[in-house]
Amino acid sequence: MQLHFSPSMRSITISSSNGFIKLMKIKVAARHISYRTLFHTILILAFLLPFVFILTAVVTLEGVNKCSSFDCLGRRLGPRFLGRVDDSGRLVRDFYKILNQVNAEEIPHGLKLPASFSQLVSEMKNNQYDARTFAFMLRAMMEKFEREIRESKFSELMNKHFAASSIPKGIHCLSLRLTDEYSSNAHARKQLPPPELLPLLSNKSYHHFILSTDNILAASVVVASTVQSSQKPEKIVFHVITDKKTYAGMHSWFALNPISPAIVEVKGVHQFDWLTRENVPVLEAVENQNGIRNYYHGNHVAGANLSDTTPRTFASKLQARSPKYISLLNHLRIYIPELFPNLDKVVFLDDDVVIQRDLSPLWEIDLEGKVNGAVETCKGEDEWVMSKHFRNYFNFSHPLISKNLDPDECAWAYGMNIFDLSAWRKTNIRETYHSWLRENLKSNLTMWKLGTLPPALIAFKGHVHPIDPSWHMLGLGYQNNTNIESVKKAAVIHYNGQSKPWLQIGLEHLRPFWTKHVNYTNDFIRNCHILES
């Protein structure tokens, strides 16, 4: 860069050979400043500026913790004027190196950890930590928070398991009040159905549904939603089966709240002559064997090594230990052909489903000689719910399992099943079911853990006809990311999992599909404080 002064000192011309500044001519007004003063000023700046730039560059490179305003100005502006290369990459590499070293070493004993990130920043400023100390603090804090999160997750899973296994106070109250009503109110004891309708209980031209449950509120939703969704409710017959302690309350509910024009029959397991100990010896053993009862009703944390268990695995193990899996009501579906000898085709429903579409076309499905019409659970878009194969239910390290089953075989769903009872009676499904239950008992439950579906997967092997998945949507009791639009389109939605819609742990955005079928104006429901969420 060159400076040219005019002879009169009234103008200065600046030119550069690098192409950035071709020519700049500055005229100097004599009335504002003298020529001599301007000349001396330019000379002083020409000598001082290089030293200023060098000083600021040195300050920046040294990285001092404290600086004057002039130093800081140099730190900010100096590198830019000097064309200094950004060294952030070198700093990152150095920090990676320190992190790797710290990760391979033990955390110093007695290291006092700040409670939050803001406190860590404050302590860094006050104590002037070096990078190594900061890395140790950061690692120790992260490990501490990971432990706390993990412990909280396991605690949450345990609390959720206890909530799912217990009976809500409102539902228990409903059962007690209705049982009391049965003993004091003749209307609550009236015959179901009326004598003139008894022949329809075995009329094969009607659509027969079977529901096995001890939950009165859940049963009311299943029946009400089925009737409300039906195009021909007058053709519906519901066979509700419950246990002895719930029978009076269940009978009272449907006697006092008839679902016209559908027909409802309520029976207790004690009223079936076929259900004797001689006919169901395996289930008798399941309910009464001490080891089995301790497994399902005992301490679910004792003996569990949580340090080697992921929360997801722990959740699966807890769900597999639900007491309902040793209940006769849960195994009852395997005896439907014997309990209803006059029926040929039925639809079996779990008590945690809601019906949203007319189900009468199910009776028109040709099962092609198969016994069980069910939705397969290995071919859906949802990888969490619809990815179930035999490997998900069985222990293939057991020799009997590995010898007889294929881990890649597709599983199917209980909860909404079409059963051809005529075809069923020609098979040995019940005997196969019993046989495998005995083997699992002998092996101390090492072949499978999860309830009634695994033995059914074996017993119905070769007897299942897949039906369209739109008939039965699963996972509403554990899949928080369930697609709402898919829920609206499904014929039957199933709250399988722990988060039942009648529990406080039910998923809030999925509960309304169930609650809309609860009659919150009913006196019994209001008096038991079963309130709409």
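The values are calculated or read from the model by the stated rules, or taken from the named source; none is laboratory data. As the structure is a computational prediction, the values presented were derived from the model and not from experiment. All Cβ positions, glycine included, derive from the backbone under ideal geometry; neighbour counts span all protein chains shown. Side chains included, ligands, DNA and RNA excluded: accessible areas come from the protein's heavy atoms. Shrake-Rupley method; radii C 1.70, N 1.55, O 1.52, S 1.80 Å.
Quick notes on this structure:
- Any hit, the stretch 166-183, residues being open to solvent by 70 Å² or more (accessible area, probe 1.4 Å) and more than 40 Å from the chain's Cα centre (by Cα): yes
- Meets criteria (assigned by the TED database to the domain that holds Asp344, of a type in the set (Val, Ile, Thr) and touching a Gly at 6+ places or on another chain (Cβ under 6 Å)) for Ile493: no
- Residues located in the stretch 250-271, provided they are assigned to a helix (DSSP H, G or I), more than 35 Å from the chain's Cα centre (by Cα) and within 22 Å of Leu343 (Cα to Cα): His270, Gln271
- Some residue of the stretch 428-435 being in contact (Cβ under 8 Å) with a residue 12 or more places away in the chain, open to solvent by 20 Å² or more (accessible area, probe 1.4 Å) and under 19 Å from the mean Cα position of the chain (by Cα): no
- Of residues in the stretch 235-249 being touching a Phe, Trp or Tyr at 6+ places or on another chain (Cβ under 9 Å) and in a helix (DSSP H, G or I), the one farthest from Arg357 (Cα to Cα): Ala248
- Residue check for Thr521: assigned to a loop (DSSP other than H, G, I, E, B) and among the β-branched types (Val, Ile, Thr): yes
- Which numbered condition His529 fails, given (1) at negative phi; (2) open to solvent by 70 Å² or more (accessible area, probe 1.4 Å): (1)
- If the condition is being farther than 18 Å from Ser212 by Cβ and surrounded by fewer than 21 Cβ atoms within 10 Å (Cβ to Cβ), then the stretch 224-258 contributes Val227, Gln228, Ser229, Ser230, Gln231, Lys232, Pro233, Glu234, Lys235, Leu256, Asn257, Pro258.
- Of the helices (runs of 4 or more DSSP H) that lie entirely inside the stretch 104-193, those containing 3 or more residues that are in contact with an Asp or Glu (Cβ under 9 Å, 6 or more places away or on another chain) span 131-165.
- Within the set Tyr393, Tyr414, the sole residue that is under 30 Å from the mean Cα position of the chain (by Cα) and either under 29 Å from Gln356 (Cα atoms) or open to solvent by less than 10 Å² (accessible area, probe 1.4 Å) (or both) turns out to be Tyr414.
Matching residues to (1) open to solvent by 50 Å² or more (accessible area, probe 1.4 Å); (2) touching a helix residue (DSSP H, G or I) at 6+ places or on another chain (Cβ under 9 Å):
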{"site": "Ala131", "(1), (2)": "no, yes"}
{"site": "Arg139", "(1), (2)": "yes, yes"}
{"site": "Glu143", "(1), (2)": "yes, no"}
{"site": "Lys153", "(1), (2)": "yes, yes"}
